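The values are calculated or read from the model by the stated rules, or taken from the named source; none is laboratory data. Computed from a predicted structure; not experimentally measured. Glycine also receives a Cβ, built like all others from the backbone with ideal geometry; neighbour counts cover every protein chain displayed. Quick note on the areas: whole protein, heavy atoms, side chains included, nothing else; ligands and nucleic acids left out. Shrake-Rupley method; radii C 1.70, N 1.55, O 1.52, S 1.80 Å.
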Amino acid sequence: MKPKRLTWSAPILFLGLVVPGHPSNACTVITVGKNASMDGSVITSHTVDSHRTGTDVRVIPPQRHKKGAMIQCTTREEDDTGPMQRYRRIPTGKIPQVSNTYGYLAPAYAPMNQHQVAIGESTFGGREELQSAKGILDCETTQALMLQRAETAREAVRIAGDLIEKYGWNDVGEALTVVDPNEAWMMEIIGPGKDKIGAIWAARRLEDDHITVNANAARIGEIFFSDKENYMASANVVSAAVQYGYWDEKSQKPFDFSAAYNPEGRVSFAASRRVWRVFDLLAPSLKLPADSNRFPFSIKPEKKVSVEKIMQIFRDTYEGTDYDMTAGFTVTDEKTGKTVKSPLANPFMPYDANKLFKINGGWGWRGERTIARWYTMYTVITQSRAWLPDPIGGVVWFSYDNNAMTTYVPLHIGITDLPKTYQTDGRTTGFSRESAWWAFNRVSTLASQRWGDMRNDVAMVRDPLQKEYLESLQPVDKQALELYRTDIKKAREFLTSEADKRCNRVVQAYWDLGDSLWNKYDEQW
């Protein structure tokens, strides 16, 4: 790959790899092909459902590196020494740096680079006996490396595969959705086995007119190795499954990655219910059974999918279904076949009543959870748009905290900075008005005490702001494009200024909303 001329005006910050991240262990990802989206953009997303994950976001510029430079890679470790539970990063080893790295946006899980390559993530865990502590690379590090080095989604998958095979995967099973302005892939990775260095992985391309979902279970399914245009995999993907007894090499069926490496994911309602819900909302005529553990890898939506629609789905708590967390919840015991109705109707955050009624909200076969979660740290919805220059075409819709209550701010990938409040990690500070995340978290925490009423107060602030930000995207694109044609630097300055104004405005709106909730409900608890 020939290095391209770097045009960003931001200064070089440092030589090493920037990975401010932490694990996310219960995430939902929706990916949309270019012919399935409302405007022709390729879309992916990621709800970071982990209350130990950091909340700081930075803009990392493209950088040049000296010959022989090395990257200090790190992995996570629990850290409860500060004011809140969190993770810190500890060294795992060094790998060679490349001469040029691309700029990217860097929250905990880096979502997009300057070429509009974007990534979503969802943990599936997989076979515990395959986990190895000998490798250098975990999910957050690999994701950042992909964005630093790749110009297309296909190239990003290949780069990741080469790196984890050579330097070793030290994480649990992970699914990455990797997209660019033209196509989308899902890549699933698991360790090579205890005390081994390497990885087992596979990737599958999404049809352009389809959407797919990952919700903490492996989803690639059958792999057709002869179709090199739509499938990729490590050389050991079948042999390792045979070696460990996960797959019968005499089978006449196509090799199934999910069945071999994540069989428990197929019997988890915590995972499959979310897949069903997204598919059912986007293609209700399919009438997919909610209690099924077998869903297609992808479906064709009945209507083109917009960013706004994905925002609505991420707010979902199964209202209006048999699994409505606000009214009552039907649990079917797969072992006995008995159906039990749990009276979950309450004025509080609906999914917080699970433990009260002894409903497992985890990954187990009886696990139940909604798409919206109180412990979401942040969410990204990315748009990669082929008809615009990269700095304008790439957009990361970014929001903090509970998806049912948040507002997304559009961040063009061409920005060069973010407000200080977005760069301040709320996990390391404890409560602080210097961290944007706390403005949203405080509203979410307050509203969960009387969600049935307060959800309406939140919507009165959230919805008008969201509508304004969605409607203003095209005018901002147009003005930025006019500037870009004559002065790229001015276009970046304009996009940065717009992002700064939006971020500051929404943070202040949520601080004010939190104050108003205290005042309005002070004597009504």
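Can you pull out every residue in the stretch 241-257 that is in contact (Cβ under 8 Å) with a residue 40 or more places away in the chain, surrounded by fewer than 22 Cβ atoms within 10 Å (Cβ to Cβ) and touching a Gly at 6+ places or on another chain (Cβ under 9 Å)?
Y244 - this is the single residue of the stretch 241-257 that is in contact (Cβ under 8 Å) with a residue 40 or more places away in the chain, surrounded by fewer than 22 Cβ atoms within 10 Å (Cβ to Cβ) and touching a Gly at 6+ places or on another chain (Cβ under 9 Å).
With A233, A199, A175 as the choices, which residue is under 24 Å from the mean Cα position of the chain (by Cα), closer than 22 Å to L130 by Cβ, of a type in the set (A, V, I, L, M, F, W, C) and open to solvent by 10 Å² or more (accessible area, probe 1.4 Å)?
After ruling out the rest, the residue left standing is A233.
I'd like to know if the stretch 103-122 contains one or more residues that are open to solvent by 30 Å² or more (accessible area, probe 1.4 Å), within 29 Å of V267 (Cα to Cα) and in contact (Cβ under 8 Å) with a residue 24 or more places away in the chain.
Step one: of the stretch 103-122, the residues open to solvent by 30 Å² or more (accessible area, probe 1.4 Å) are none.
Within the stretch 103-122, not a single residue is open to solvent by 30 Å² or more (accessible area, probe 1.4 Å), within 29 Å of V267 (Cα to Cα) and in contact (Cβ under 8 Å) with a residue 24 or more places away in the chain.
So, in the stretch 377-400, how many residues would count as being touching a Lys or Arg at 6+ places or on another chain (Cβ under 9 Å) and under 27 Å from G82 (Cα atoms)?
1
Counting residues that are crowded, with 22+ Cβ neighbours inside 10 Å and out of contact with any helix residue (DSSP H, G or I) (no Cβ under 9 Å at 6 or more places or on another chain), which strands (runs of 3 or more DSSP E) fully inside the stretch 23-89 reach at least 2?
Correct list: 29-32, 42-49.
Specify the residue that is farthest from D280 (Cα to Cα); the eligible residues are those in the stretch 202-220 that are open to solvent by less than 10 Å² (accessible area, probe 1.4 Å), outside any loop (DSSP other than H, G, I, E, B) and not small (G, A, S).
Among them, the one singled out is N214.
So, L481, is that one farther than 25 Å from W437 by Cα, surrounded by fewer than 17 Cβ atoms within 10 Å (Cβ to Cβ), at pLDDT 95 or above and among the aliphatic types (A, V, I, L, M) or not? Spell out how you get there, then give the answer.
Numbers: farther than 25 Å from W437 by Cα: yes; surrounded by fewer than 17 Cβ atoms within 10 Å (Cβ to Cβ): yes; at pLDDT 95 or above: yes; among the aliphatic types (A, V, I, L, M): yes.
Taking the combined requirement at face value, the residue satisfies it.
Can you give me the number of residues within the stretch 484-515 that are in a helix (DSSP H, G or I) and open to solvent by 50 Å² or more (accessible area, probe 1.4 Å)?
Pass one, the stretch 484-515, residues in a helix (DSSP H, G or I): 484, 488-515.
Then keep just the ones that are open to solvent by 50 Å² or more (accessible area, probe 1.4 Å); that gives 484, 488-490, 493, 497, 500-501, 504-505, 508, 512, 515.
Residues in the stretch 484-515 being in a helix (DSSP H, G or I) and open to solvent by 50 Å² or more (accessible area, probe 1.4 Å): 13 in total.
List the number of the failed condition for I223; all other conditions in (1) open to solvent by less than 10 Å² (accessible area, probe 1.4 Å); (2) aliphatic (A, V, I, L, M); (3) at pLDDT below 95 hold.
Among (1) open to solvent by less than 10 Å² (accessible area, probe 1.4 Å); (2) aliphatic (A, V, I, L, M); (3) at pLDDT below 95, the lone unmet condition for I223 is (3).
From F329, F348, which residue is in contact with a Ser or Thr (Cβ under 7 Å, 6 or more places away or on another chain), more than 30 Å from M84 (Cβ to Cβ), surrounded by 14 or more Cβ atoms within 10 Å (Cβ to Cβ) and at pLDDT below 95? So that I can check it myself, show each step before the final result.
Working: F348 fails: more than 30 Å from M84 (Cβ to Cβ).
Only one candidate qualifies: F329.
So W438 ticks every box in (1) open to solvent by 20 Å² or more (accessible area, probe 1.4 Å); (2) modelled with pLDDT of 65 or more; (3) in a loop (DSSP other than H, G, I, E, B) but one. Which box is left unticked?
It fails just one condition, (3).
Out of the residues in the stretch 285-311 meeting the condition of being open to solvent by 70 Å² or more (accessible area, probe 1.4 Å) and either within 21 Å of the chain's Cα centre (by Cα) or among the basic types (K, R) (or both), tell me which one is nearest to W397 (Cα to Cα).
By that ranking, first place goes to E308.
Based on what the data block shows, is Q466 of a type outside the set (A, V, I, L, M, F, W, C), modelled with pLDDT under 95 and either outside any helix (DSSP H, G or I) or crowded, with 17+ Cβ neighbours inside 10 Å (or both)?
No, not satisfied.
Inspect all residues belonging to the stretch 184-192 and state whether any of them is in a loop (DSSP other than H, G, I, E, B), of a type in the set (D, E, K, R), surrounded by 16 or more Cβ atoms within 10 Å (Cβ to Cβ) and under 20 Å from the mean Cα position of the chain (by Cα).
no
Output the helices (runs of 4 or more DSSP H) that fall wholly within the stretch 228-300 and possess 2 or more residues being modelled with pLDDT of 95 or more and more than 18 Å from T212 (Cα to Cα), or say none.
237-243, 257-261
In the list L446, L418, which residue meets the criterion of being under 30 Å from T81 (Cα atoms), modelled with pLDDT under 95 and either out of contact with any His (no Cβ under 8 Å at 6 or more places or on another chain) or open to solvent by less than 60 Å² (accessible area, probe 1.4 Å) (or both)?
None of the others qualify; the one that does is L446.
On the basis of being modelled with pLDDT of 95 or more and open to solvent by 30 Å² or more (accessible area, probe 1.4 Å), does E155 make the cut?
yes
Only residues in the stretch 208-225 that are free of Cβ contacts under 8 Å to residues at least 60 places away in the same chain count as the first member; pair them with residues that are of a type in the set (S, T, N, Q), Cβ under 8 angstrom, at least 6 apart or cross-chain, and list the lot.
What qualifies is F224/N230.
If M460 passes every condition in (1) within 20 Å of I313 (Cα to Cα); (2) surrounded by 20 or more Cβ atoms within 10 Å (Cβ to Cβ); (3) among the aliphatic types (A, V, I, L, M) but one, which one does it miss?
M460 satisfies all of (1) within 20 Å of I313 (Cα to Cα); (2) surrounded by 20 or more Cβ atoms within 10 Å (Cβ to Cβ); (3) among the aliphatic types (A, V, I, L, M) except (2).
Go through the residues of the stretch 423-439 one by one and say whether even a single one is under 24 Å from H51 (Cβ atoms) and within 18 Å of the chain's Cα centre (by Cα).
yes
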